[in-house]
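What follows is a short report on a single structure.
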Amino acid sequence: MNRRAFTSHGVGAALAALIPSSASAQSRPAPSPSDLAQELPSALPVPAAFAALRELPDPPSEAVSQKLLPGFKSHRIQTSGAEINVLTKGSGRPLLLIHGHPETHLTWHKIAPALAEEYTVVIPDLRGYGDSSKPGYSPDHINYSFRAMALDQVEVMKQLGHQRFMVAGHDRGGRVAHRLCLDHSEVVDKVAVLDVAPTLTMYQQTSKEFATKYVWWFLQIQPSPMPEHLIGLDSVFYLRDHLAMQGKTPGAISPEVMAEYIRCYCCVGTIRAVCEDYRAAAGIDLEHDRDDDSRNNYIQAPLLALWGAKGTVGHLWDVLATWRAKSNNVVSGKPLPCGHLLPEEDADGVLAEFRAFFRA
């Protein structure tokens, strides 16, 4: 028997063993969604490839940090739910900059030094990301809800002496900023969101095109340990491919910054955290959003929305309309000539828009 015939025969035998006979199949009713839910998450032990990764990132390099963010001071701030890694610099009105997935505070390294000439700039790593602590699994993924992440930021700013502040968030950071505006409207003077539409809106209006281009939204919400295992098989590839799909400007992320993203992302704690982040967004965060809508609890601060003209969000949604539907104040904004990674692909454009918005 030649190799092709042997392979064909082997696959056929394997399939025959896996597929029940027609009689036994007919005797069992088709599983319902509730049946499947009871079978998940998988009872299998943590796969070896994922378990073999280090638990936390290697320690950061102060030299790299000072090269990319010269003059910024590093802090470790304990909140009620996590320990947050934060960098600060400058004087003037406080401005909080929140990064997204799969990055860290370094998302802002091209514009934060310039902003620090006018503002007190605060750039944290979200819980679970970068060098912040990485809480474990929790019921309903509550540890990684946007509500928990927003509370971290309010507590960080208060411990730094800022009772009111302005905030900008990119990607997941924009969703944290949205929740911060809803839960803590009294502390937010102005808010900017970069390349996002509201989470509930995006899930309610999901299309095949969106599911194809934002596949991680649907991979990372699957029960543990499947997505953790798949990402952990080659987390460097997953991270780099994710950023390559999102960005439309070759070279926007320097090798030095990419190395920092890899250092922070490719470990058990972060991979667990990012999956829990997305699970929360598809579950408890949507419950919170629906509750806000039912109570007409909307954003009270002026809002700036920026998005990438070459990206998915602006192509599939009327970004300004989605945010006006969630706001009781003025909403302004525009597309920038780039993909999803606005602060790195078009730093000059983001800086100009921030200056015009936050100064007014």
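Within the chain, antiparallel bridges make up roughly 30 percent of the DSSP beta bridges whose residues both belong there. Counting Lys and Arg as +1 and Asp and Glu as -1 over every other residue whose Cβ lies under 13 Å from the Cβ of residue 138, the net charge comes to +2. Cross-link partners for residue 334 among the aspartates and glutamates, with Cα-Cα distance under 20 Å and sequence neighbours closer than 8 places in the same chain left out: 171, 195, 318, 344, 345, 346, 348, 353. Counting only protein heavy atoms and a probe of 1.4 Å, the accessible surface of the chain is 57% carbon and sulfur.
Per residue, the range 211-360 exposes 39 Å² of accessible surface when a 1.4 Å probe is rolled over the protein heavy atoms with every protein chain present. Among residues other than residue 121 with Cβ under 14 Å from its Cβ, the summed charge is +3 (Lys and Arg +1, Asp and Glu -1).
For the chain, a simple Cβ point-charge model (Lys and Arg +1, Asp and Glu -1, everything else neutral) yields a dipole of about 380 debye relative to the Cα centre.
Note on the chain: the alpha carbon radius of gyration divided by the globular reference 2.2 N^0.38 Å gives 1.07. In the context of the full set of protein chains, the range 59-101 has a per residue accessible area of 44 Å² (1.4 Å probe). What residues have an amide H closer than 5 Å to that of residue 327, excluding those fewer than 5 places away on the same chain, when H is modeled at 1.01 Å from N in the peptide plane? Residues meeting the amide H criterion: 299.
Counting Lys and Arg as +1 and Asp and Glu as -1 over every other residue whose Cβ lies under 10 Å from the Cβ of residue 267, the net charge comes to +2. With the simple model of a label 7 Å out from the Cα in the direction of the Cβ, residue 356 to residue 258 spans 3.3 nm.
The values are calculated or read from the model by the stated rules, or taken from the named source; none is laboratory data. Keep in mind it's a predicted model, so treat the numbers as computed, not measured. Cβ atoms come from the backbone with ideal geometry, glycine included; neighbour counts cover every protein chain shown. What goes into the accessible areas is simple: the full protein's heavy atoms, side chains included, and nothing from ligands, DNA or RNA. Shrake-Rupley method; radii C 1.70, N 1.55, O 1.52, S 1.80 Å.
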